[in-house]
1. Scan (1) open to solvent by less than 60 Å² (accessible area, probe 1.4 Å); (2) at pLDDT 85 or above for the single condition A:Glu45 breaks and write down its number.
2. Just give me the residues in the range A:56-96 being open to solvent by less than 70 Å² (accessible area, probe 1.4 Å), within 14 Å of A:His140 (Cα to Cα) and either in a loop (DSSP other than H, G, I, E, B) or free of Cβ contacts under 8 Å to residues at least 60 places away in the same chain (or both), in sequence order.
3. Quick one: count up the residues across the range A:88-110 that are of a type in the set (Lys, Arg) and within 12 Å of chain B (Cβ to nearest Cβ).
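The values are calculated or read from the model by the stated rules, or taken from the named source; none is laboratory data. All values derive from a computational prediction rather than experimental measurement. All Cβ positions, even for glycine, are placed from backbone atoms using ideal geometry, and neighbour counts span all protein chains on display. In case anyone asks, the SASA skips ligands and DNA or RNA and just uses the protein heavy atoms, side chains included. Shrake-Rupley method; radii C 1.70, N 1.55, O 1.52, S 1.80 Å.
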Amino acid sequence: MKRPWIITIIICLLLIGGGIFVIRWPRTVPFGQCSEVYRKYAGMEGVKASFVKDFYINDTLCVDVTVLVAADTSGWNTLKNDFCLPVLDSVTQRKIDSGKDLVFMAIRKKGNCCETADLDDTECDVRATSFLNRTICLFHVKSLKERSIVEHYSLDISINNSKKK
Amino acid sequence: MKNDTTPHPFDGEPSFEDLQPYFDEQASRIADIIDSMGGRPPAINPSAATTNRRRALRAWGVLSLFFLVVSIYWGIALWHLVDDIYVRIFSIFLEVVFIVIATKAIVTIISILRRSPYRCRDTRGRFLMTRYSPHSLGASLLSNATIGFAASIFLVIISATTTVGDGLFLTKNMNQDTRIETIETIEYTLNHMG
């Protein structure tokens, strides 16, 4: 008679332990939902939205990334307005028109596309905008360490490449 | 009894007046028995085995209810987790089957527990309670639950590992080309950030 209760208690403990495991290490079990930015632009005309959960930046770090690509001029104008992208000066615009891309990086508060994040904000979005390709990548970081790694990614790559030479 | 020579009160042709004392004596004995039982007729005490079965059924009923709630939550989580329509349909189908099995188990258990084992008999005269082995019912439910969960987890792993590149893609109408394009965009952006 006691066996069903023992089995029930064991299963309950396993399920509770599994729940704690999922909460403690959320990236191990993909239970996360899409970002709010993705959900906002998913069905929008003129904008192609993608969301990647746990994109590996390096061997140890993975972040969620929302990618927005403007399909036409109206979509690009919408993105520029929504994300408060800076108006480029004539010199920069000429460079871009000549085919030289400039990817601008900005740190924005989580959930707020226009407000700059504070230095000690752990959860924020690293926004990378390519004016030539009309794309915006939002890296949703959850700690200062992740933020630092994403910010200095290209610099680290350059350093590593120069060391190899 | 064959050797009993005591004349039976109904031997011969007794009159009502002759039988009256006999009836009075029997009625008095019955009244004494009822009084000794606290004024109520004796209750039927279920056997220990039946009681244990009822307890086991209750335990499996609670477990079934728990699995039912978890399966509903899991179905909702799966819907939000994957965006591929075919994976969604198949996983929800599995969850519906699993929910039906769990619900049926609960309904069966409740219907058994509500019936008195001494009033309900099957065609062979056996008590209804004894027909259902609680442990076989529970084991059947548990195996279905395990299969359902394992299949759902398998589906999730498949949808996660069939993506190209890194990460779990949760984009509407995602296909192979879109995945490659998205990865290239992210890598390009990372390499040119400044």
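1. Exception for A:Glu45: condition (1).
2. If the condition is that a residue be open to solvent by less than 70 Å² (accessible area, probe 1.4 Å), within 14 Å of A:His140 (Cα to Cα) and either in a loop (DSSP other than H, G, I, E, B) or free of Cβ contacts under 8 Å to residues at least 60 places away in the same chain (or both), then A:Ile57, A:Leu61, A:Cys62 are the ones that fit.
3. Applying the first criterion (of a type in the set (Lys, Arg)) to the range A:88-110 yields A:94-95, A:100, A:108-110.
Then keep just the ones that are within 12 Å of chain B (Cβ to nearest Cβ); that gives A:100.
So the answer is 1.
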